[in-house]
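Notes for the one structure printed next.
The values are calculated or read from the model by the stated rules, or taken from the named source; none is laboratory data. Computed from a predicted model, the values in this text were never measured in an experiment. Note that we place each Cβ from the backbone using ideal geometry, even for glycine, and neighbour counts take in every protein chain shown.
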Amino acid sequence: MSYINTETFEKRDVAKHFTAVSSTYNEKNYRLAGKRGKYPDIFRRHQYILEMMGGARGRALEIGCGSGEMLHEILKRNFKAVGMDIAPGMLKASRKLIKEKLPNKKVGLLQGDIDHLAFPDASFDLIVAAGVIEYLASDKKLLPELCRVLKPGGVLILSVRNKINLSRPITTTRDILLALPMIGAMLRGTTLALRRLLSLPPNGGIPGRRHVPSSLKNHMRRAGLKTVDAAFYHFTIFPRFLERRFPNFTAKWAEKFEVFSRTPVLGYLANQYIVKAQKVENGNHRS
């Protein structure tokens with residue numbers, strides 16, 4: 001995925017993109033996981049979230065509920081659940097899946113985005129936001145807001161793209177340079193001009209921000225969230241041209257590297273990062 005210039009796309013683009021893929025999202029990412037010659041990143045993330053949920057109980061909110069697979073698992077664990085998504089097509093898919101698999105379960109489904117959480121303080125025991133915050137321009141207001149709607153001792157599980165992916169030095173260097181105010185502006189302007197000059201098509205999909213794991217954990221701590229678990233996944237140990245040329249082989253080896261998901265050094269060969277945090281019960285945290 002490319003670096004995101006948050007001034008060049010809007011949330012309606014995100015909603016439009018995910019609505020467009022909503023009818024095939026579940027099949028591609030769950031039913032055919034591991035069978036498409038592609039690393040099953042969504043399915044693997046799903047497994048990590050279930051593991052991190054542990055024995056949590058109570059009231060849950062899933063932001064970016066997608067096709068409903070995670071919401072289905074949350075309901076199976078007897079949570080009272082609310083699912084929220086910016087894409088109406090995904091909400092339709094979630095509603096259909098829950099109705100088919102758990103016809104006797106009630107779930108609240110809301111169209112909305114993570115920037116506007118219209119819930120009272122301390123509403124939820126669990127919040128899951130997987131592959132969501134990368135589409136926002138900043139986390140500055142987001143993390144305190146997520147902490148606000150969590151109950152004391154409640155759990156938040158987030159996933160992001162790893163900015164310091166040591167197996168992709170060119171991508172990592174580009175991201176670091178783009179993060180610098182003056183140099184980043186020059187690079188974005190030059191890249192845009194070259195694309196126009198060469199009549200290159202836009203990158204497919206919706207690009208998203210990448211996060212530095214240590215910085216994300218620091219921001220969470222300042223918001224009143226204590227990290228209790230974290231893991232890397234989607235190890236990108238081969239060059240992109242080999243991944244495209246030998247997808248089955250490279251995906252198989254990427255899966256084998258999951259044994260290093262919780263190692264502090266080798267984890268940085270991964271493209272994705274997931275973190276579990278708990279709201280500090282007494283509300284005291286370092287600023």
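Structure data summary
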{"quantity": "Considering residues of the stretch 131-181 that are polar (S, T, N, Q) and assigned to a strand (DSSP E or B) only, the residue farthest from THR236 (Cα to Cα)", "calculated": "SER159"}
{"quantity": "Condition broken by ALA230, with the remaining ones in (1) over 18 Å from the mean Cα position of the chain (by Cα); (2) modelled with pLDDT of 85 or more satisfied", "calculated": "(1)"}
{"quantity": "Residue within the stretch 93-115 that is surrounded by 22 or more Cβ atoms within 10 Å (Cβ to Cβ), over 24 Å from TYR273 (Cα atoms) and of a type outside the set (Val, Ile, Thr) present", "calculated": "yes"}
{"quantity": "Close pairs from the stretch 37-62: first closer than 17 Å to GLU255 by Cβ, partner part of a loop (DSSP other than H, G, I, E, B), Cβ under 7 Å, at least 6 apart", "calculated": "PRO40/ALA33; PRO40/GLY34; PHE43/ALA33"}
{"quantity": "Helices (runs of 4 or more DSSP H) fully within the stretch 211-272 counting 3 or more residues that are farther than 15 Å from ARG161 by Cβ and in contact (Cβ under 8 Å) with a residue 40 or more places away in the chain", "calculated": "213-222, 247-256"}
{"quantity": "Helices (runs of 4 or more DSSP H) contained in the stretch 5-107 and holding at least 2 residues modelled with pLDDT of 95 or more", "calculated": "41-53, 69-76, 88-101"}
{"quantity": "Of the criteria (1) closer than 19 Å to SER159 by Cβ; (2) modelled with pLDDT under 90, which one LEU180 fails", "calculated": "(1)"}
{"quantity": "One residue from ILE133, ILE74, ILE157, ILE183 being touching a Leu at 6+ places or on another chain (Cβ under 7 Å) and surrounded by 21 or more Cβ atoms within 10 Å (Cβ to Cβ)", "calculated": "ILE133"}
{"quantity": "Those residues of the stretch 16-36 which are crowded, with 20+ Cβ neighbours inside 10 Å and either aliphatic (A, V, I, L, M) or free of Cβ contacts under 8 Å to residues at least 60 places away in the same chain (or both), in sequence order", "calculated": "ASN29"}
{"quantity": "Test: residue in the stretch 56-71 that is surrounded by fewer than 13 Cβ atoms within 10 Å (Cβ to Cβ) and not charged (D, E, K, R)", "calculated": "no"}
